[in-house]
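Everything below concerns the one structure shown next.
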């Protein structure tokens, strides 16, 4: 075997640094799985039973050192597991979270516009949510200065936010 032959085989294998980056990425994915809520974790397809058991065990460990060792073990198990379904499940969760966050921001912006601009913003709000009761929104707009004087501004804002959230949820179900 010549030096050129060994050089070609070395080029086909990933470097030690690259293998370490891949292992750390798998371990981080395992950490993320451990930190998910029960309902989110149930929605992810984990093909390996040993991996599922290791994740469940890690969720119950409170000692820092023990948890670190368990996460390393999860990373080791993930090296021999097809991670494509797990990555897909995590991507779906990320997208759902982004959509949910965007909806909350949309509702917050609408609430803030109603509180700041009053009747001038009402037309835009009704365009976004045609099912909204204009008279109820006008009533809340008129009450806003009074609620500030009473010191109930936060409760008033929460009530308005809750109403707009319900409208947004109903509109997204209809779509």
- Message: What's the total number of residues in the range 41-66 that are within 16 Å of the chain's Cα centre (by Cα) and buried (at least 17 other Cβ atoms within 10 Å of the Cβ)?
- Response: 2
- Answer yes if at least one residue in the range 102-112 is loosely packed, with under 15 Cβ neighbours inside 10 Å, without any contact (Cβ under 8 Å) to a residue 40 or more places away in the chain and over 30 Å from residue 39 (Cα atoms), and no otherwise. yes
- Query: Which of the residues spanning the range 133-173 are within 23 Å of the chain's Cα centre (by Cα) and exposed (fewer than 14 other Cβ atoms within 10 Å of the Cβ)?
  - Reply: 158, 162, 169, 170, 172, 173
- Note on the structure: residue 131 meets each of (1) assigned to a helix (DSSP H, G or I); (2) over 30 Å from residue 52 (Cα atoms); (3) touching a residue at least 24 places away in the same chain (Cβ under 8 Å) with one exception, condition (1)
- Message: Which pairs turn up if I take residues in the range 36-60 that are over 11 Å from residue 81 (Cβ atoms) and look for partners that are at pLDDT below 90 with beta carbon separation below 7 Å, at least 6 apart in sequence or on another chain?
- Response: none
- residue 90 passes all but one of the listed conditions (1) farther than 24 Å from residue 173 by Cβ; (2) modelled with pLDDT of 90 or more; (3) surrounded by fewer than 14 Cβ atoms within 10 Å (Cβ to Cβ); the exception is number (3)
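The values are calculated or read from the model by the stated rules, or taken from the named source; none is laboratory data. The structure presented is a predicted model; accordingly, all values stated were derived computationally and were not measured. We place every Cβ from the backbone using ideal geometry, glycine too, and count neighbours over all the protein chains shown.
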